[in-house]
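Reading through the structure tokens given below for one structure.
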Amino acid sequence: MTLAYYGCSEMGSVRENNEDALLLLEENGAALFLVADGVGGRAHGEVASGMLRDGYDRWWQDTFLPARDTWDFRQAVEQLRNTLEEINRQVVDRFGHRNVGSTVVLLFFFKGYCAYLSAGDSRIYRVRGMKVQQMTLDDTVANLPENARLALAGAADGKLVGAVGISGHLEFSLRTDRLENGDCFFLCSDGVYRCVPAQKLHDRLRWGGLLSAPRRVVERLCQDVERGGSSDNYTMIFVKVR
């Protein structure tokens with residue numbers, strides 16, 4: 001398996017700092033891609049997203065690479081889960097109950113399989129053939145069970161209800177899949193999909209997967225975000241599996 005990928009993280013035209021973070025790691029067919037979107041303001045969100053980026057970078061360098069020849073996919077995924085829970089504890093210990101945290105989506109490739117790990121409303125999309133599918137679920141009011149939505153009556157459907165660091169008990173989703181030749185993946189913070197209409201986003205990903213290099217896909221989507229107002233920080237990564 002060989003990979004082609006490209007990512008960027010931009011402040012946008014309204015915010016005064018960038019609270020997003022990204023991570024792109026790859027070696028001998030194994031790879032880890034991460035997008036995190038800090039919440040909390042006053043640079044605290046930037047710190048929380050940076051703790052996710054730095055925590056997984058350390059895990060990759062100090063734990064995964066030395067052990068990769070002896071691990072199977074299941075063991076690696078369990079370590080990804082444990083690392084997320086540990087970073088959550090670190091953010092909670094550092095900021096307490098100040099509502100500081102970060103969303104995260106993480107895409108991991110190892111031995112022909114992939115894992116999707118998410119908390120919050122950043123997203124991972126998969127492009128397989130001509131089909132674009134969102135592989136993560138937004139942790140927002142709209143996706144809560146009915147009884148939980150009633151408890152938050154009056155809250156906007158898009159209000160974030162889950163992220164790393166906002167509670168000692170972390171709610172996150174984890175799913176796994178088998179990789180197929182030609183698969184493409186797109187990771188992004190909400191600053192992307194809130195500024196680019198869904199149909200245009202899907203078209204960019206679908207045709208980009210067939211015809212364009214990852215850098216070109218990202219550059220075109222950056223232009224779309226800017227035309228859409230770029231009212232938030234925005235971060236994205238596009239990955240092609242060959």
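Each of LEU210 and ARG242 was given a label point 7 Å from its Cα along the Cα-to-Cβ line. The distance between the two points is 2.0 nm. Length gained on full extension, ASP57 to ASP69: 2.5 nm, using 0.36 nm per residue less the C-alpha separation. With Cα atoms as the point set, the radius of gyration and Dmax of the range 35-140 evaluate to 15.0, 45 Å. One chain, two ends: GLU85 and GLN199. Fully extended at 0.36 nm per residue, the span grows by 37.6 nm beyond their Cα-Cα distance. Over the range 1-82, the ratio between the Cα radius of gyration and 2.2 N^0.38 Å evaluates to 1.27. Counting alpha carbon pairs within less than 8 Å and at least 6 residues apart, what relative contact order, in whole percent, applies to the chain? Rounded, it is 28 percent for the chain. Rounded to the nearest 20, the size of the Cβ-charge dipole of the chain about its Cα centre is 660 debye, with Lys and Arg at +1 and Asp and Glu at -1. Of the solvent-accessible surface of the chain, computed with a 1.4 Å probe over protein heavy atoms with every protein chain present, carbon and sulfur atoms account for 46 percent.
Normalising the Debye intensity of the chain to I(0), with uniform scatterers on Cα atoms only, and taking log10 at q = 0.08 Å⁻¹ returns -0.28.
Ranking ASN99, PHE64, GLN134 by Cα position along the charge dipole of the chain, where only Lys, Arg, Asp and Glu carry charges on their C-beta atoms, puts GLN134 farthest toward the positive end. Per residue, the solvent-accessible area of the range 23-145 (1.4 Å probe, heavy atoms of protein chains only, all protein chains present) comes to 41 Å².
The values are calculated or read from the model by the stated rules, or taken from the named source; none is laboratory data. For clarity, every value in this text was computed on a predicted model and none was experimentally measured. Note that we place each Cβ from the backbone using ideal geometry, even for glycine, and neighbour counts take in every protein chain shown. The accessibility values were calculated without ligands, DNA or RNA, using every heavy atom of the protein model including side chains. Shrake-Rupley method; radii C 1.70, N 1.55, O 1.52, S 1.80 Å.
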